[in-house]
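The values are calculated or read from the model by the stated rules, or taken from the named source; none is laboratory data. The structure presented is a predicted model; accordingly, all values stated were derived computationally and were not measured. Heads up, the Cβs are rebuilt from the backbone with ideal geometry, glycines too, and the neighbour counts pull from every protein chain shown. Protein only, heavy atoms only, side chains kept; ligands, DNA and RNA dropped before computing areas. Shrake-Rupley method; radii C 1.70, N 1.55, O 1.52, S 1.80 Å.
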Amino acid sequence: MKRVIVVILLCLLVAGVAASQDKAIPMPKISVEVGKATSPDDVAVTLQILFLMTVLSLAPAILIMTTAFTRIVVVLHFLRQAIGTQQVPPSQVLIGLAMFLTFFVMAPTWNRVNQDAIQPYMKNTITLQQAYDRGVVPLREFMLRQTREEDLALFVKLANVEKPETRDDVPIHALIPAFAISELRIGFEIGFLLFIPFLVIDMVISSILLSMGMMMLPPVLISLPFKILLFILVDGWHLVIRSLLESFR
């Protein structure tokens, strides 16, 4: 509500200044026109606009399913659950950290896409189709390096396509889901390894409390400070992030 009031006051102030100076301030004009296509070029432009709008609506899914984001965010959430700190760090912090780590991992790939496809297309030296063909190559190479042979073979078989002679011949609609489940599998493997040391601490604390007859005291309440202390002493964030980034081939 305060923002609306501020905007209204600014508009009134601009109108007052314009009236005092007797000068008209040019305002931008936005118009949306729906008409009948009269040539094939009009139809092509319309289809390109629809395609662009579709891609923009699917941008979050593309960012998640074709980059390193899935593995990173799964591992970070497993880490929080293993420590047992509930909502610390907050989900917004974990997702933000996962996004910046994703940018770090994907930077070489995206730089190649920019140099090989986007920049030539912006300079009108290649067509849109050529830009797509060039831009998808670095992304395919990244996903193929992370995808297991078993997952790739599964989706190629379910797609009912001819068996590819090489990995580069795998269709993109089979590569993306294979890459996604491979990332989930690796994320769960790393998460399992993260749980082990914290699980040992929980078991030790539970055994000590049981031997002391303090069964009414929740073991989690006692083990949580020790798990946080262990994580700090071993420089846990440094170890986890380094191991996570080195897991990408």
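Side notes on the structure shown:
- Among the candidates LEU79, LEU101, residue that is at pLDDT 85 or above, closer than 28 Å to ILE222 by Cα and open to solvent by less than 50 Å² (accessible area, probe 1.4 Å): LEU79
- Taken as a whole, the structure leaves LEU245 outside the set of residues that are touching a Gly at 6+ places or on another chain (Cβ under 9 Å) and aliphatic (A, V, I, L, M).
- Test for ASP151: is it touching a helix residue (DSSP H, G or I) at 6+ places or on another chain (Cβ under 9 Å), in contact (Cβ under 8 Å) with a residue 12 or more places away in the chain and surrounded by 13 or more Cβ atoms within 10 Å (Cβ to Cβ): yes
- Number of the exception - ARG185 against (1) basic (Lys, Arg); (2) surrounded by 17 or more Cβ atoms within 10 Å (Cβ to Cβ); (3) closer than 30 Å to SER223 by Cβ: (2)
- Going through (1) surrounded by 13 or more Cβ atoms within 10 Å (Cβ to Cβ); (2) closer than 29 Å to LEU97 by Cβ one by one, PRO164 falls short only on (2).
- Residues within region 150-176 that are part of a helix (DSSP H, G or I) and basic (Lys, Arg), tallied: 2
- Inspection of region 214-227 finds a residue satisfying the criterion of being open to solvent by less than 30 Å² (accessible area, probe 1.4 Å), assigned to a helix (DSSP H, G or I), among the polar types (S, T, N, Q) and farther than 22 Å from ALA107 by Cα.
- When the residues of region 167-176 are filtered to those that are surrounded by fewer than 19 Cβ atoms within 10 Å (Cβ to Cβ) and free of Cβ contacts under 8 Å to residues at least 60 places away in the same chain, the one that is farthest from VAL137 (Cα to Cα) is HIS173.
- Candidates are the residues of region 128-146 that are within 17 Å of PRO177 (Cβ to Cβ) and of a type in the set (D, E, K, R); the one that is least open to solvent (accessible area, probe 1.4 Å) is ARG140.
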